[in-house]
Amino acid sequence: MSENEGDEGIEVPEDSPVIKKLMELDGVGEATALRLYENDYTSYESLSIASAEELSAATGLSVAMCHKIINSAREKLNIQIITADDLEKMVQNRGKITTGSSALDDLLGGGVPVGEVTEFYGEGGSGKTQLAIQLAVNVMLPKEKGGLDGNPFIIDSEKTFNPKRFREVAAAAGLDPDEALKRTRVYVARATDDQMATVEKILMDPDNTIKAWNTKLVVVDSVIGFFRSSKQFQGREHLADRQQKLNRHLHDLTNLADVYNIAVVVTNQIMSRPDVFFGNPNTSAGGNIMMHGPNNRINLRRSKGGLRIAHLVDSSYLPEGEAVFEITPQGIRDPKK
Ligand code: GTP
Ligand code: MG
């Protein structure tokens, strides 16, 4: 490998498929491919959503050269300008995952959509993790049953993923529980950086991760936990740093959803320390960043008789509203009449 290998401590295998793929782009030779790789531009997708200025600043390549590379990446991905009515059809035809409750599906415009980040936030016991498990099961169902024939990837930052419960919900949905567990990928994150790095890694190497796994749903349960509890962010003086990292994480999750047509679901706690964090105590943790990050935000709360109320608080295209659902032994369902 080249002389400058090791400059940044990055080792690139001689016959790296990533480098080979980058070299298929217009104007990209081995040195340029390495430069892109070292700066985390490792896929056509990541290049296609970069701006020429941003790519130039990161890599030191000229802006003109970066335009050429980005255009070439877009061509490879067949990214085209389409008419608005085609766009409307595409949005309407977007895959959705059923929640198990038709009332909650209706509130969400048919289910949890791919291509977007959906946030469920609420107090402890409101049903966030149960809903996450249900969606992870349902994404594996065939399309005619409200699934996407795809697989889930769960980033568990609270060590609450419970295989026993997962089996119950999978069996009730008509799946073979052993098979369902085999199709599900779980990453137990131990810290903020760990959680962020998992998503970054996927974005760097989609071919060997989400594409190879046929991932159609990524769950982060919970998205903010570490950002709130970690010692590195304690105190007001670290708030800006924390918000910046959270912003980057949400940006990565948005890209994951948007570029790869995946449903991204994040859960979030209700803030309990308004002295330390932005916002009012009834909103989800994460302040302004969370207000603008996810495409759809749903508040969950407990109601009488074990029922749960979902309140669609914010969506770019759906009206505000509420739905009532129940957490049954079989999973999320409409309340029994
Ligand atoms: P935190 O993670 O603590 O913030 O709460 P959460 O919102 O994730 O709550 P979770 O989804 O864990 O929901 C908890 C509620 O779901 C419990 O209060 C139970 O009512 C119900 N639940 C949890 N596990 C089971 C189970 O195995 N069977 C049944 N029938 N209900 C369950
Ligand atoms: Mg939970």
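The values are calculated or read from the model by the stated rules, or taken from the named source; none is laboratory data. These figures come from a predicted structure and were not determined experimentally. Cβ placement follows ideal geometry from the backbone for every residue including glycine, while neighbour counts extend to all protein chains displayed.
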Being over 23 Å from N162 (Cα atoms) and either part of a loop (DSSP other than H, G, I, E, B) or within 16 Å of ligand 2 (Cβ to nearest atom) (or both) is the filter here, so list the residues in the stretch 97-120 that pass it. L108, G109, G110, G111, V114, G115, E116
Which ones in the stretch 153-186 are closer than 30 Å to E38 by Cα and either modelled with pLDDT under 95 or within 16 Å of ligand 2 (Cβ to nearest atom) (or both)? I154, I155, D156, S157, V186
For the stretch 156-250, please list each of the helices (runs of 4 or more DSSP H) lying entirely inside it that holds at least 2 residues being closer than 23 Å to Q269 by Cα and either of a type in the set (F, W, Y) or without any contact (Cβ under 8 Å) to a residue 12 or more places away in the chain (or both). 192-204, 225-229
Does the stretch 150-195 hold any residues that are of a type in the set (D, E) and loosely packed, with under 14 Cβ neighbours inside 10 Å, and which are they? D176, D178, E179
Out of all the residues in the stretch 43-66, which are polar (S, T, N, Q) and in contact (Cβ under 8 Å) with a residue 60 or more places away in the chain? S43, S46, S48
Those residues of the stretch 243-273 which are of a type in the set (G, A, S) and either surrounded by 23 or more Cβ atoms within 10 Å (Cβ to Cβ) or modelled with pLDDT of 90 or more (or both) amount to A257, A263
Anything in the stretch 23-51 that is of a type outside the set (S, T, Y) and over 25 Å from the mean Cα position of the chain (by Cα)? List them, or say none. M23, E24, L25, D26, G27, V28, G29, E30, A31, A33, L34, R35
Cβ-Cβ under 6 Å, sequence separation 6+ or interchain: first residue in the stretch 140-155 and polar (S, T, N, Q), partner at pLDDT 95 or above and part of a strand (DSSP E or B). Which pairs? N151/T215
Members of the stretch 216-232 that are hydrophobic (A, V, I, L, M, F, W, C) and under 15 Å from R242 (Cβ atoms): V223, I224, F226, F227
Within the stretch 172-184, identify whether any single residue is more than 26 Å from N93 (Cβ to Cβ) and within 13 Å of ligand 1 (Cβ to nearest atom), and answer yes or no. yes
Residues of the stretch 326-337 classified as modelled with pLDDT of 95 or more and away from ligand 2 (no atom under 16 Å from the Cβ), total: 7
Mind checking whether some residue in the stretch 160-167 is within 9 Å of ligand 1 (Cβ to nearest atom), in contact with a Ser or Thr (Cβ under 7 Å, 6 or more places away or on another chain) and closer than 23 Å to R301 by Cα? yes
Could you grab me the full set of residues in the stretch 121-144 that are in a strand (DSSP E or B) and near ligand 1 (Cβ under 8 Å from one of its atoms)? G122
